[in-house]
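To start, the structure itself, in structure tokens.
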Amino acid sequence: MSAPALAARVLLCAALGLAAGLAPPVSRAADPVSSQPFSARYEVLRNGRTLGEARMALTRGSDDSWRFESETRGTRGLASLTGVEIHERSTFRWRGQIPELVEYDYRQTVAMRRRERSLRVDADDNAIVSRQDDRQWLLRFEDGVSDRNAVVLGLIAAVAAGRADLAFRVADRDDVESQRYRIAGRERVQVPAGEFDAVRIERIREKPGRDTDTWLAPALSHLPVRIRHREADGESLELRLVDHDLRIAQAAPAPR
């Protein structure tokens, strides 16, 4: 898999979902970062070397909707020369602790070429209209379905609430799939933003070979401080927190 594709997968898909099982105790947070506006910046590394930077931001809409945006940009080497830029935007409403899909947009630009993808909920037909470039799919809408960008917010809310069942239904291009994770333990993590005690989450995959781990820091309202994705051939990509802006004064009630 190419470096740009790995970067997209790490930022846009990595980190979420989980199957029930024996899990170590997890601190509960009254206001997880998923329930309040925030922004965060990450360095992106490929095989331990800096490739670019990524940003995440959550804002609240004028009604009961929320918007979650993530962006990856190449700043070093070939990723910089080819102008790699990946942007995702999710509009959702909370259904309990699940960020339920309203709209989702994806845009990837590499070497002046653009790929776009979108999801739109059609409430009248109880369907999700999925588009990629000039192709279209019709998916069945399910209560509590999320998208691959916003599902990390569901994971944050679930872990902060002490849930052991971290399973999510996620709409992708041509299907609605299940994503499952498990809590693997607690670790001390060093990133550019500092050193944090973190809860490590492993994604459970049906086929072995690919690993995705996410570290959530309770001290930062369970904000992801590190995300690591490894392919079967040893190729790896990683996000490490550089800085953040947790606007606690504007926090909304935690999802219930």
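The values are calculated or read from the model by the stated rules, or taken from the named source; none is laboratory data. These numbers were taken from a predicted model, which means no experiment stands behind them. Note that each Cβ is placed from the backbone with ideal geometry, even for glycine, and that neighbours are counted across all protein chains shown.
Screening the candidates GLY96, GLY77 for the property of being within 21 Å of ILE227 (Cβ to Cβ), small (Gly, Ala, Ser) and over 16 Å from the mean Cα position of the chain (by Cα) yields one hit, GLY77. If the condition is being surrounded by fewer than 17 Cβ atoms within 10 Å (Cβ to Cβ), of a type in the set (D, E, K, R) and touching a strand residue (DSSP E or B) at 6+ places or on another chain (Cβ under 9 Å), then the stretch 135-164 contributes ARG140, GLU142, ASP143. Taking the stated definitions as given, is PHE196 more than 26 Å from ALA127 (Cβ to Cβ), touching a helix residue (DSSP H, G or I) at 6+ places or on another chain (Cβ under 7 Å) and part of a strand (DSSP E or B)? For PHE196, the condition - more than 26 Å from ALA127 (Cβ to Cβ), touching a helix residue (DSSP H, G or I) at 6+ places or on another chain (Cβ under 7 Å) and part of a strand (DSSP E or B) - is met. So is GLU116 under 13 Å from GLU142 (Cβ atoms), in a strand (DSSP E or B), modelled with pLDDT of 90 or more and acidic (Asp, Glu) or not? No; evaluated as a whole, the condition is false for this residue.
Quick one: in the stretch 99-120, of everything that is under 20 Å from the mean Cα position of the chain (by Cα) and aliphatic (A, V, I, L, M), which residue is nearest to ASP174 (Cα to Cα)? Ranking the qualifying residues of the stretch 99-120, first place goes to LEU119. GLY83 falls short of the stated requirement of being over 18 Å from GLY154 (Cβ atoms), modelled with pLDDT under 95, among the small types (Gly, Ala, Ser) and part of a strand (DSSP E or B). Selection over the stretch 126-160 of residues that are charged (D, E, K, R) and under 21 Å from the mean Cα position of the chain (by Cα) gives a count of 5. Within the stretch 179-210, being of a type in the set (D, E, K, R) and surrounded by 16 or more Cβ atoms within 10 Å (Cβ to Cβ) holds for ARG180, ARG182, ARG186, ARG200, GLU202, ARG203. Among the residues of the stretch 144-152, is any in a helix (DSSP H, G or I), touching a residue at least 40 places away in the same chain (Cβ under 8 Å) and among the aliphatic types (A, V, I, L, M)? Checked the stretch 144-152: at least one residue is in a helix (DSSP H, G or I), touching a residue at least 40 places away in the same chain (Cβ under 8 Å) and among the aliphatic types (A, V, I, L, M).
The residue that is surrounded by the fewest Cβ atoms within 10 Å (Cβ to Cβ), among those in the stretch 165-174 that are assigned to a loop (DSSP other than H, G, I, E, B) and touching a strand residue (DSSP E or B) at 6+ places or on another chain (Cβ under 7 Å), is ASP174. Restricting attention to the stretch 44-80, which residues are closer than 28 Å to SER146 by Cβ, at pLDDT below 90 and part of a strand (DSSP E or B)? Those that are closer than 28 Å to SER146 by Cβ, at pLDDT below 90 and part of a strand (DSSP E or B): ARG46, LEU51, ARG73, GLY74.
Which residues, counting only those in the stretch 155-179, are out of contact with any Asp or Glu (no Cβ under 7 Å at 6 or more places or on another chain), within 29 Å of ASP133 (Cα to Cα) and basic (Lys, Arg)? Selection gives ARG173 alone.
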